[in-house]
Each structure stands twice: as C-alpha cells, then as structure tokens.
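The next block holds one structure in the form of structure tokens; read it before the comments.
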Amino acid sequence: MARIIAGVTSSHVPAIGAAIDLKKTEEPYWKRVFSGFEKSKEWMANAKPDVVIAVYNDHAFDLTIVNKMEVDHGLTVPLNLMFGSPAQWPCPVIPLAVNVVMYPPPTGHRCYMLGRAIRKAVQSYPEDLRVVVMGTGGMSHQISGPRAGLINSKFDKAYLDGLSRDPKKLARISHMEFMREAGAEGIEMVMWLIMRGALDDKVKEVYRFYTVPASNTAVGHIILENIERKTKARRPAPVRESPSKGRRAAAHPANQVMVRSKR
Ligand SMILES: [Fe+2]
C-alpha cells in the first residue's frame with residue numbers, strides 16, 4: 001500500500017529561483033535564506049520518497065482550459081530548496097495546481113478536506129510507495145497596493161504552530177482574515193492545509209525555519225512526519241470454557257462458531 005510519510009511546506013518566492021539561477025546563493029542576503037534549507041535537503045535525501053505530490057498555484061492564468069501546462073516558480077522553487085538543483089528530480093513529481101488568484105479561491109476548510117481525499121487516494125494505491133506531500137506558497141505578503149510589502153511575522157509564526165498542532169483551527173480562517181492579517185497574497189497559505197489534511201491528525205514536527213525578508217515577503221518552512229505505527233499481529237480471542245461463559249458465547253452466533261471449533 002502506498003503511504004504518506006511526511007508533509008513539507010515552503011514559501012515559493014520567485015526571487016529565490018532567480019538567486020539560484022544567477023548563482024547568488026552564497027551572497028550574505030541570500031545565504032541567510034538558503035542556509036535555512038540545508039537541514040531540509042539532508043532530511044529529504046534521507047527520506048528518499050518514491051513520489052512527491054506538490055501543491056502550488058499558477059500566478060498568471062485567466063479562466064481557461066489547458067491540456068499542457070508549464071509549471072512556474074510555485075513548484076520549482078520549493079523543489080530546488082528541498083532537492084537542490086539536479087538535472088532531474090530524483091523521483092516522480094505530481095503537480096497539483098490550485099487557483100488562489102481568480103475569484104473564488106478555495107477556503108482553508110475545502111483545502112484541508114482535499115488533503116484528506118488525497119490521503120485516501122494514496123492509501124488505495126496498491127504499490128508500496130513512500131509519498132511526501134508538499135504545500136507551497138505564502139507566507140504573509142502583499143505585492144501591490146497601499147499595503148505592498150506587508151509582513152506579519154506574528155500571524156505567520158502562529159500559523160506554523162497551528163499547522164503542527166491544531167490544523168483544524170487554521171481551516172476555519174476566513175478569506176477576509178487571511179487578507180487582513182497576511183496581505184492579499186497571503187491567501188496562498190490555504191495550500192499548506194492541503195498538505196496538512198493529507199497527514200495524520202498527530203504528527204511529529206522535525207524541522208521549522210522562518211526568516212524575514214526574502215524579496216518583499218517572509219519565508220516559512222516546516223517538515224512534519226507521520227508517526228510510524230507498528231502494526232501488531234492480532235491475537236485470536238481466548239476460547240472460554242467455563243459453563244457460564246460458554247452459554248453466553250453460544251448466544252452469539254460468531255462466538256458459537258469459535259466454541260464449536262475447539263471441540
Ligand atoms: Fe505565489
């Protein structure tokens with residue numbers, strides 16, 4: 001059975017991609033950002049997922065139907081941060097594009113429930129695959145208008161806390177609250193709830209990173225692992241031989257079969 005082993009979220013600031021392309025990752029401004037992902041790359045190299053499901057948003061489409069779609073920085077920046085920049089990704093990547101640009105964007109609750117559906121779909125797959133789900137975008141940012149450059153670290157950090165410990169509370173945040181607290185583009189954070197919905201209710205937080213600024217936004221990142229459950233072999237229920245218990249057992253068809261098999 002395929003299973004989700006972990007979830008990762010990361011901002012997908014386009015300037016990070018430009019810094020990689022222009023080989024500026026060692027410059028002091030960018031080193032602060034990239035050094036925050038060194039442990040993440042190590043974690044990913046050890047996790048060795050067979051598949052990554054990467055949730056991201058396109059940034060420029062009008063309403064349309066597409067049969068072939070190029071991915072943009074929403075997908076490529078987080079993958080570069082997690083895998084480095086190899087000639088090709090070390091495992092298949094399934095892009096899941098979510099509209100958060102055109103009205104109506106999905107609510108956090110809808111995204112969380114989509115994550116639940118993804119978990120079921122993965123678990124129904126018979127092949128033994130280890131899957132990492134990535135949610136990208138955010139954190140607080142606004143790129144135009146009077147509040148351009150808005151960063152709300154308090155909200156961002158509380159969101160990271162909630163993602164780890166109380167995602168259902170985050171799923172109740174309205175669009176209006178996202179816009180007010182995290183800026184017009186902060187709505188991208190609903191995509192992190194798709195990742196979180198795909199994980200178990202209780203998870204282990206293995207890494208977190210937050211820095212301000214990168215370009216005109218905050219960069220946030222978290223790695224959450226599902227806690228491995230050891231499946232215990234089920235022991236057969238003991239056969240009860242005392243007369244009173246035997247009578248009780250005989251009254252129940254399922255138990256009756258068990259008692260008879262002992263004779
Ligand atoms: Fe974005």
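The values are calculated or read from the model by the stated rules, or taken from the named source; none is laboratory data. Only a predicted model underlies this, so the values are computations on that prediction, with no experimental measurement involved. Cβ placement follows ideal geometry from the backbone for every residue including glycine, while neighbour counts extend to all protein chains displayed.
Rundown of residues vs (1) surrounded by 23 or more Cβ atoms within 10 Å (Cβ to Cβ); (2) within 15 Å of the ligand (Cβ to nearest atom), yes/no style:
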residue	(1), (2)
ASN67	no, no
GLY74	yes, yes
GLN88	no, no
CYS91	no, no
ALA97	no, yes
PRO105	no, yes
VAL131	yes, no
ILE151	no, yes
Filtering the stretch 120-138 down to residues that are modelled with pLDDT of 95 or more and touching a helix residue (DSSP H, G or I) at 6+ places or on another chain (Cβ under 7 Å) yields VAL131, VAL132, VAL133, MET134, GLY135, THR136
Filter the stretch 18-66 down to the residues that are of a type in the set (Val, Ile, Thr) and closer than 19 Å to GLY135 by Cβ and list them by number. VAL33, VAL51, VAL52, ILE53, VAL55
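Return yes or no: is VAL190 out of contact with any Leu (no Cβ under 6 Å at 6 or more places or on another chain), surrounded by 16 or more Cβ atoms within 10 Å (Cβ to Cβ) and at pLDDT 95 or above?
Yes.
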Looking across the stretch 35-73 at residues that are polar (S, T, N, Q) and part of a loop (DSSP other than H, G, I, E, B), the single one that is farthest from GLN88 (Cα to Cα) is THR64
Any chance ILE16 is away from the ligand (no atom under 16 Å from the Cβ), touching a residue at least 12 places away in the same chain (Cβ under 8 Å), part of a helix (DSSP H, G or I) and not hydroxyl-bearing (Ser, Thr, Tyr): no
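Can you tell me which residue among TYR29, TYR56 is within 18 Å of TRP192 (Cα to Cα), aromatic (Phe, Trp, Tyr) and modelled with pLDDT of 95 or more?
Details: TYR29 fails: within 18 Å of TRP192 (Cα to Cα).
Being within 18 Å of TRP192 (Cα to Cα), aromatic (Phe, Trp, Tyr) and modelled with pLDDT of 95 or more holds for just one of TYR29, TYR56, which is TYR56.
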Working only within the stretch 153-171, note down all residues that are under 26 Å from ARG119 (Cβ atoms) and surrounded by fewer than 24 Cβ atoms within 10 Å (Cβ to Cβ). ALA158, LEU160, ASP161, GLY162, SER164, ARG165, ASP166, PRO167, LYS168, LYS169, LEU170, ALA171
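Does GLU177 fit the bill of being farther than 16 Å from ILE5 by Cα and among the charged types (D, E, K, R)? Walk me through it before giving the result.
Details: farther than 16 Å from ILE5 by Cα: yes; among the charged types (D, E, K, R): yes.
Yes, satisfied.
Matching residues to (1) over 21 Å from ASN99 (Cβ atoms); (2) among the hydrophobic types (A, V, I, L, M, F, W, C); (3) within 14 Å of the chain's Cα centre (by Cα):
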{"position": "LYS169", "(1), (2), (3)": "yes, no, no"}
{"position": "MET179", "(1), (2), (3)": "no, yes, no"}
{"position": "MET189", "(1), (2), (3)": "no, yes, yes"}
{"position": "MET195", "(1), (2), (3)": "no, yes, yes"}
{"position": "PHE209", "(1), (2), (3)": "yes, yes, no"}
Tell me whether the stretch 54-63 contains one or more residues that are within 25 Å of the chain's Cα centre (by Cα), surrounded by 15 or more Cβ atoms within 10 Å (Cβ to Cβ) and farther than 20 Å from GLN142 by Cα. yes
